[in-house]
Amino acid sequence: MKSVILCGGYGTRIRDVSSDLPKPMIPIGSRPILWHIMKNYAHYGIREFVLCLGYKGHVLKDYFINYQLNQNDFTLNLEDNKTTMHTQAVREDWHVTFAETGLNAQTGARVQRIKRYVDKDDLFLLTYGDGVGNIDIKALLDFHKQHGKLMTVTGAHPPGRFGELDLEGDHVIGFNEKPQTTEGWISAGFFVCSRKIFDYLNDDESLIFERQPIENIVKDGQLRVYKHEGFWHPMDASRDYLLLNELWDAQKAPWKTWE
């Protein structure tokens, strides 16, 4: 089974963190947020990926083409351009397809344009390249297979945007900087899709997956939600970048499901 990851947006709301990187390549620790997303999928045995490229797609290609060189000590012989590796970081048994889906294409068109890479599969996974969570992919797949509809979306509680105070009278006894709220549900991505969803898509660059296609899937009674009660957080702005990096640096990253 393949995981399709939308990686083509401009990420304009987070340009204050990095103006020269596409959002999926903005780091948490020393690795791009995209790598963290892929590691969670791989933890559950999903090791085939299709990356929907757009804005600065070459940055993603360069990162993975030079994946081992970026993680190890090596000697480069400039005479014959051969390298000798001196260390061996963990090698990922991933198969990654890099699909150019258009600089200005919206999400619906991007999904449509990778159809040939998943068309032989009954099911494929789909998510965004800018949100991490400790999603149980196996449980998500089991849920999808049980209800038999065309698509499942993972629902998560929206992350808090303001500091939460625990009070006794006017005394502060606890402070949670950015809590996960306990009310309401929003789409966290992490979809499971039947290949039949392509009946709802077309190649129009302006087609937004979350609007007409999903609205029509809902009208046809073909969308179910997998309720994820655990951690999920997007990287939408600089405050999210700081929070996710603080959690990672403190070794308290809830989305780290792998060893």
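The values are calculated or read from the model by the stated rules, or taken from the named source; none is laboratory data. Keep in mind it's a predicted model, so treat the numbers as computed, not measured. A quick note on method: Cβ atoms are made from the backbone with ideal geometry, for glycine too, and the neighbour counts reach across all protein chains shown. Only protein heavy atoms, including side chains, enter the accessible area calculation; ligands, DNA and RNA are left aside. Shrake-Rupley method; radii C 1.70, N 1.55, O 1.52, S 1.80 Å.
Couple of notes before you dig in:
- Leading residue by the ranking (surrounded by the fewest Cβ atoms within 10 Å (Cβ to Cβ)) among those in the stretch 47-86 that are within 23 Å of residue 100 (Cβ to Cβ) and among the charged types (D, E, K, R): 62
- Residues of the stretch 210-229 classified as surrounded by 14 or more Cβ atoms within 10 Å (Cβ to Cβ) and part of a loop (DSSP other than H, G, I, E, B), total: 1
- Of all residues in the stretch 86-108, those satisfying the criterion of being modelled with pLDDT of 90 or more, touching a strand residue (DSSP E or B) at 6+ places or on another chain (Cβ under 9 Å) and under 25 Å from residue 42 (Cα atoms) are 94, 95, 96, 97, 98, 99, 100, 101, 107.
- Among the candidates 72, 134, 81, residue that is at pLDDT below 95 and closer than 21 Å to residue 38 by Cβ: 72
- Close pairs (7 angstrom Cβ cut-off, 6 or more residues apart or separate chains): more than 14 Å from residue 32 (Cα to Cα) in the stretch 237-259, of a type in the set (A, V, I, L, M) and part of a helix (DSSP H, G or I) anywhere: 237/14; 238/14; 253/247
- Scoring residue 150 on the criteria (1) among the hydrophobic types (A, V, I, L, M, F, W, C); (2) modelled with pLDDT under 95; (3) open to solvent by less than 60 Å² (accessible area, probe 1.4 Å) leaves a single failure, condition (2).
- Residue in the stretch 53-62 that is farther than 22 Å from residue 22 by Cβ, of a type in the set (Lys, Arg) and in contact with a strand residue (DSSP E or B) (Cβ under 8 Å, 6 or more places away or on another chain) present: no
- Residue count for the stretch 111-143, restricted to those that are open to solvent by 10 Å² or more (accessible area, probe 1.4 Å), assigned to a helix (DSSP H, G or I) and either among the charged types (D, E, K, R) or in contact with a Lys or Arg (Cβ under 9 Å, 6 or more places away or on another chain) (or both): 6
- Test: residue in the stretch 27-44 that is touching a Phe, Trp or Tyr at 6+ places or on another chain (Cβ under 9 Å), modelled with pLDDT of 95 or more, on the phi > 0 side of the Ramachandran plot and small (Gly, Ala, Ser): yes
- Any hit, the stretch 158-167, residues being at pLDDT 95 or above and touching a helix residue (DSSP H, G or I) at 6+ places or on another chain (Cβ under 9 Å): no
- In the set 174, 189, 184, 155, only one residue is at pLDDT below 95, open to solvent by less than 30 Å² (accessible area, probe 1.4 Å) and either touching an Asp or Glu at 6+ places or on another chain (Cβ under 6 Å) or assigned to a loop (DSSP other than H, G, I, E, B) (or both); that residue is 174.
- Residue count for the stretch 21-46, restricted to those that are aromatic (Phe, Trp, Tyr) and open to solvent by less than 10 Å² (accessible area, probe 1.4 Å): 1.
- Among the residues of the stretch 230-246, none qualifies, meaning not one is part of a strand (DSSP E or B) and open to solvent by 60 Å² or more (accessible area, probe 1.4 Å).
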